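Working notes, beginning with the structure itself.
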Amino acid sequence: MPANPKYLNKNPWQRMAKITAGLLGGYFITALLHMILAILLPWHQEVLVTTILSFFIIWCFLILLPFTFNNGWKVWAFYLIFLLVLSLIYYFILPYNPFIHE
């Protein structure tokens, strides 16, 4: 059964915004989240080893998430705000990075 045309967005800019938000924004959010987890959790080496599997799972979820929104630019705004929050967290916990100060 094909998709109902009234739910399909014909604007290529919206499609591009959703695809780039999913691929690029999702990748950066996932990477930053795993960097924060590697610093905060007490078992740093194990986090880095298991990052491969959890990175892929979270990134796949963040690739699909933009397609649930109507507007691709709102997804970009949501991802950028989330990236800003994660960047601030990373900035403030960076002095406690065990990989730098071991």
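Just for the stretch 24-47: of the residues that are surrounded by 14 or more Cβ atoms within 10 Å (Cβ to Cβ) and over 17 Å from L86 (Cα atoms), which one is nearest to the chain's Cα centre (by Cα)?
Per the criteria, the residue is V47.
Across the stretch 56-98, which residue is farthest from A21 (Cα to Cα) among those that are among the hydroxyl-bearing types (S, T, Y) and more than 13 Å from the chain's Cα centre (by Cα)?
Y96
Consider only pairs whose beta carbons are under 7 Å apart and that are at least six residues apart or on different chains; among these, list those whose first residue lies in the stretch 26-38 and is in contact (Cβ under 8 Å) with a residue 40 or more places away in the chain and whose second residue is assigned to a helix (DSSP H, G or I) and of a type in the set (S, T, N, Q).
L32/S87
Since every read-out is calculated from the coordinates, none of them should be taken as a lab result. Quantities reported herein were computed from a predicted structural model and do not represent experimental measurements. Virtual Cβ from ideal backbone geometry, glycine too; neighbours counted across all protein chains shown.
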